[in-house]
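Participant: Below is the structure I would like to discuss, written out as structure tokens.
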Amino acid sequence: MTGKLDVLATAREAYKGAWEHFGEMLRLIWLPGLLYLALSVASAFIDRETHRFLAIVIDFASLFLWPIIAVAWHRFILIGDAPAGNFNLSFGRREARFLLFSIFLVLLFMPGAILMVVAVAMPQTMTSSLLSFFGLLLLFVSLYFFVRLSLLLPAVSVDDPINPRLVLERTRGNFWRLAAVLVLAALPVLIVAGLLGGLIVLGPVVALAAMIAIALASIFFAVVNVAVLSIAYRELIGPPGTQVPDSDDMDF
């Protein structure tokens, strides 16, 4: 029988763990995290039309930095792994698999997005309305599977067998619970960023202080987001190392 995720307990544990271990988590990823934040700030200030190549380079670099950060945090939360050394900037097979599965999860939205784009580009007819309806329906279906299959990311991080069928089986009946804890992890940082973002127009000193505060808040809530997925994985799929490989496992 599929267990039910305790939303409040998961959110409470994620926030408590992020607060108590924030220093340790920061030590694990300070270099890739600093680079990631610097690239994010640079991306916000450059004109993507006039500096298209630079924008692509920044996006490409950020794409490879996040797996380094997320994998380190998932491993710390789930198995207590904290590599020695001050510079954790290694992108290996584990991080590459994490990136591939992240791309796979994003690609779930492509069919619906394509239908919506085609519908918008067409003249307003019954056909375009139907395409728009089915596109929106596909986006909702994609979101449903995206939320449930997001638990593949902790599995990749701790080298557990990658079994989408098992993940879908164990997360059955937990979509709204998973969605709720993900919202609880993401909503506060959006509110904080919105409140502090209004201070940027008050002058360079205040703007710099606001950007630093937003950066720290973003890091903290990124830890919470990763912790939510890790805790949900542990509670619904099982502790790391307890999954037995079978013929449905994906190995690449």
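The values are calculated or read from the model by the stated rules, or taken from the named source; none is laboratory data. For clarity, every value in this text was computed on a predicted model and none was experimentally measured. In this analysis, Cβ positions are derived from the backbone assuming ideal geometry, glycine residues included, and neighbour counts consider all displayed protein chains.
Participant: Looking only at segment 216-250, which residues are at pLDDT below 75 and under 17 Å from L26 (Cα atoms)?
Facilitator: Hits for segment 216-250: nothing passes.
Participant: Pick from I77, I68, I58, I103: which is closer than 23 Å to A215 by Cβ, in a helix (DSSP H, G or I), within 19 Å of the chain's Cα centre (by Cα) and free of Cβ contacts under 8 Å to residues at least 24 places away in the same chain?
Facilitator: Only one candidate passes the filter, namely I58.
Participant: Identify the single condition in (1) in contact with a Lys or Arg (Cβ under 7 Å, 6 or more places away or on another chain); (2) surrounded by fewer than 21 Cβ atoms within 10 Å (Cβ to Cβ); (3) not β-branched (V, I, T) that G92 does not satisfy, given that it satisfies every other one.
Facilitator: Condition (1) is where G92 drops out.
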